[in-house]
Amino acid sequence: MFPPVLLTETQSAFVQMLLVMGLGLILPVFVNRFDNRHRAILMGIGILLALRYAWWRATETLAPFGLTVDCLASWSLFALEFAALASSISAAVLMSRVRERGGEATEHAGWWLPGPAPRVAVLIATYNEDREVLERSIVGALALDWPEVEVCVLDDGKRAWLRDFCEAQGARHITRPDNKGAKAGNINHTLKLLEAEGPPDFFAVLDADFVPHRNFLRRTLALFHDPRTGLVQTPQHFFNADPVQHNLGLSRSYPDEQRFFFDHMQPARDAWGLAICCGTSSVARWQAVAELGGLPTDSITEDFMLTLALQERGWETHYLNEPLTEGLAPEGLKEYITQRARWCLGLMQIARGRLGPLSRSTLRLRDRWSVIDSVLYWLTAFPFRVAALLYPLLYWFFNITVVDAEVPEVLSYFGVYFLWTVISFNLLSPGMLVPVLKDVSQHLGAIQISRAAITGIIKPHGHPFSVTAKGGDRSKLQVQWRLMTPFIVVLVLTVVGLLLGLVFNRFAFYDAGDGKAVILFWTLYNLLVLSLVLIACIELPRRERHVADAPERAIFAAEGEPPRRVWMASLSQEMTRIRGRDWGVGTTGTLRISDVGDIEASVVERTPDGVRLRLLPDETTSAALLRKLYAEGEAPGVMQVNSAAIARDLARRLTFGRSV
């Protein structure tokens, strides 16, 4: 007989992790992510592993309780981590269910027949957006496939050119004497005007940079067959890359930061009856909002507040997970972070307000949980990210042990939990979770968002409303030094601390035992994340393009030459790239595009595989081009991770290249 093989503790821990990875290879064959039983099992195991990890951290890794610096550091980090873990557990419970309503919308299309189609008002709230941003939104709204629709442009900027444009296009231009109540006040002013004239049955809300697809109303209104439905929300898709995608060169291989929320978390929330109104791309029943006296103005996130106010009165909010609108993601890091800090502050205002989780309102228990879940996310995830960067420095400079753990235990408790979380979430939301990139996007705004969360929960009101700027000139490289500076400081301190510990005996602390190995790995991971954060703070120039474009046939007739069939490889309102044909710079002619018509064009650049044309559309073809680009087709952008392409794109970016 062979003697028994005895594994070391480290080997045993690795075996546990290998078993989880093995399950990760097998489970995709058996798991149906639309089966709530499968989802509940996956998330239930994840919650048990999270609790197992939390118990180990609490009982085995903390410094002895007492009036010591080690105790303060160790327990404060654990408190932050435990709060973030509670947020993760809440998210796992939400993700244990899902509901997709596409079939329901198809089944109940035309529920109003044989009666007339419901009357709908489309409200486009605007303040300071550029002309090119508003033009495509207004033209797209006017192209909606619906017989009874009025497009209203709610102009808090009171611009004469916008009034004239609306008049020429057939949209209604509305202003008000003051800008009280920001966006919610703007919409409420128009609702009162419409009520006096004879209100519509439903109204849709679009941000000024969002364009509805032609079937937006046909699909959303189908879900109002249930008389209890007060609001239907649809996902937000973006035809441009967000700053993290763009600055890291991942616009073709990594989805935008909001894809997980809109494509996976919202359908999960809907299964619990907790779908959130997100402002733009939503349709509301007039009667339901009229009962509230209009949109709530208690919070700068009036959309979430509207959700709670409707649910308190017994109305239901539903989610239709179909790409029915597309808009402009914040293009600059400052705007990106400002937007998220505003969302965070608004949630804190709600938590401390009349519809908060501890209020005396008649909200259901699950609605209160919905608010708690959102508050936990903003109040824990981002402060914990800041702490994760700073706490290893306490060890390298001051020999303060923040995690007293042996490597086999870390692998067994944390490693197994981490692997299962990545595997299970990628089973339920395929191609969404890349841990390093997720950390980069959260670190970028962690300081500002943490400040907004803490300030908001202590003092919820009295803060200025910050509009997210969209559009503008993005043609030059910009380095966000102010945003980058704290990360440079932490990176330098991390490198110095690491070198001190490795090179000089005086700083080669051994009191932590295996804890030093844990801190070492943690530090190296932080260096990777910090390096990517710094790269993301270098904003690359942008050239407008419609990221959903696929090669398409067109006909180009150069002056003095017969028409030739060509492939359009990309298309925007001003430019297109032609593959497979070559003309000299300055060549002029006419480009015929399907569903648009003939557009004057000229060659402005020769490329390795063709030429780039500048388009000069007239008023008619310009409107047709806007409809083709933004009001039709499937979801723009990247819907899930392309792992091989991420590696290629990151390598190109790290060698100072740019994604095409």
Express as a percent, rounded to the nearest 5, the fraction of DSSP beta bridges in the chain (both residues included) that run antiparallel. 65 percent
Give me Rg over Rh for segment 243-298, both radii from the alpha carbons and Rh done the Kirkwood way, two decimal places. 1.15
Spin-label pair ALA517/ARG97, simplified geometry with 7 Å Cα→Cβ offset, distance in nm: 4.4 nm
Neighbours of MET432 by Cβ distance under 12 Å: Lys/Arg at +1, Asp/Glu at -1, summed charge 0
Shape of segment 258-356 from its Cα gyration tensor (a ≥ b ≥ c, root eigenvalues): rounded if a/c is under 1.5, otherwise prolate when a/b > b/c, or oblate? oblate
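If you count, for each residue, the other Cβ atoms within 10 Å and average over each peptide, how do 557-564, 245-252, 82-89, 390-397 line up from highest to lowest?
By packing density, highest mean first, the sequence is 245-252, 390-397, 82-89, 557-564.
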In Å², and per residue, what accessible area does segment 1-158 have when probed at 1.4 Å with the other protein chains present? 55 Å²
On the full set of protein chains, 1.4 Å probe, figure out the accessible area of PHE487 and give it in Å² to the nearest 10. 10 Å²
If every Lys and Arg gets +1 and every Asp and Glu gets -1 at its Cβ, then about the Cα centre the chain yields a dipole, in debye to the nearest 20, of 620 debye
Calculate the length of the line joining the C-alpha centroid of segment 257-276 to that of segment 401-447, in whole Å. 21 Å
Calculate one ³J(HN,Hα) per residue across segment 305-319 by plugging θ = phi - 60° into the Karplus curve 6.51 cos²θ - 1.76 cosθ + 1.60, and present them in order as whole Hz with x for glycine and proline. 4, 4, 3, 5, 5, 5, 5, 5, 8, x, 7, 9, 10, 10, 10
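Which shape class, rounded, prolate or oblate, goes with segment 378-436 when its Cα gyration tensor gives a ≥ b ≥ c as root eigenvalues, a/c under 1.5 marks rounded, and past that a/b bigger than b/c marks prolate?
oblate
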Percent accessible area from carbon and sulfur atoms, the chain, protein chains only, probe 1.4 Å: 60 percent
I'd like to check one number: the per residue accessible area of segment 174-317, probe 1.4 Å, reported in Å² as a whole number. 27 Å²
Report, in whole Å, the centroid distance computed from the Cα atoms of segment 27-72 and segment 171-189. 48 Å
Output the 0 to 90 degree angle, nearest 10, between the alpha-carbon long axis of helix 182-197 and the longest principal axis computed from the alpha carbons of the chain. 40 degrees
Using the beta-carbon distance between ALA160 and LEU527 and R0 = 56 Å, what value does 1/(1 + (r/R0)^6) give for FRET efficiency, to the nearest 0.05? 0.55
Angle check, please: helix 416-428 long axis (alpha carbons) against the longest principal axis of the chain (alpha carbons), in degrees 0 to 90, nearest 10. 20 degrees
Cα-based count: Lys pairs in the chain below 22 Å, eight or more positions apart or different chains? 15
In whole Hz, what ³J(HN,Hα) sequence does segment 519-526 give by Karplus (6.51, -1.76, 1.60; θ = phi - 60°), x for Gly and Pro? 5, 5, 4, 4, 5, 5, 5, 4
Could you compute Rg(Cα) / (2.2 N^0.38 Å) for segment 77-158, with N its residue count? 1.84
If I model a spin label as a point 7 Å beyond the Cα along the Cα-Cβ vector, how far apart are those points for LEU27 and LEU193 in nm? 5.3 nm
Once the dipole of the chain is set up with Lys and Arg at +1 and Asp and Glu at -1 on Cβ about the Cα centre, which of GLN448, THR620, TRP522 lies farthest towards its positive end? TRP522
Cβ-defined net charge surrounding THR621, 15 Å radius [Lys, Arg +1; Asp, Glu -1]: -2
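Work out the length of the dipole vector of segment 229-356 about its Cα centre, built from +1 on the beta-carbon of each Lys and Arg and -1 on the beta-carbon of each Asp and Glu, and round it to the nearest 20 debye.
Here the size comes out at about 280 debye.
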Spacing of the two label points (7 Å from each Cα toward its C-beta) at TRP75 and LEU365, in nm: 3.2 nm
Output the 0 to 90 degree angle, nearest 10, between the alpha-carbon long axis of helix 481-503 and the longest principal axis computed from the alpha carbons of the chain. 20 degrees
Taking R0 as 30 Å, what's the FRET efficiency between ARG564 and THR620 from their Cβ-Cβ distance, rounded to 0.05? 0.80
By the gyration tensor of its Cα atoms, with a ≥ b ≥ c the square roots of the eigenvalues, what is the shape of segment 175-251: rounded for a/c under 1.5, prolate for a/b over b/c, or oblate? oblate
Using 0.36 nm times the number of residues separating ARG648 and ARG37, minus their current alpha carbon distance, what extension gain do you get? 216.2 nm
Sorted from largest down, what three extents in whole angstroms do the Cα atoms of segment 548-614 have along their principal axes? 30, 26, 19
What is the ratio of the Cα radius of gyration of the chain to 2.2 N^0.38 Å, with N the residue count, to two decimals? 1.05
Output wanted: per-residue J couplings in Hz (rounded whole) for segment 205-214, from phi through Karplus 6.51 cos²θ - 1.76 cosθ + 1.60, θ = phi - 60°, x for Gly and Pro. 10, 10, 5, 5, 9, 9, 10, x, 6, 4
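Given the convex hull over the Cα atoms of segment 173-315, what projected area results after averaging over all orientations, in nm²?
10.3 nm²
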Could you sort THR229, THR338, THR655, THR401 by accessible area so the largest value comes first, with the probe set to 1.4 Å? THR655, THR338, THR401, THR229
What percent of all Cα-Cα pairs in segment 338-489 falls in each 5 Å bin, counting up from 0? 2, 7, 11, 13, 16, 16, 14, 11, 6, 3, 0
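How much length is gained if the chain between ILE538 and GLN258 is pulled fully straight, taking 0.36 nm per residue apart and subtracting their Cα-Cα distance, in nm to one decimal?
Answer, rounded to one decimal: 98.7 nm.
The values are calculated or read from the model by the stated rules, or taken from the named source; none is laboratory data. Here the structure is a predicted model, which means the values were calculated and not measured. Glycine gets a Cβ as well: all are built from the backbone with ideal geometry, and neighbour counts include every protein chain shown. What goes into the accessible areas is simple: the full protein's heavy atoms, side chains included, and nothing from ligands, DNA or RNA. Shrake-Rupley method; radii C 1.70, N 1.55, O 1.52, S 1.80 Å.
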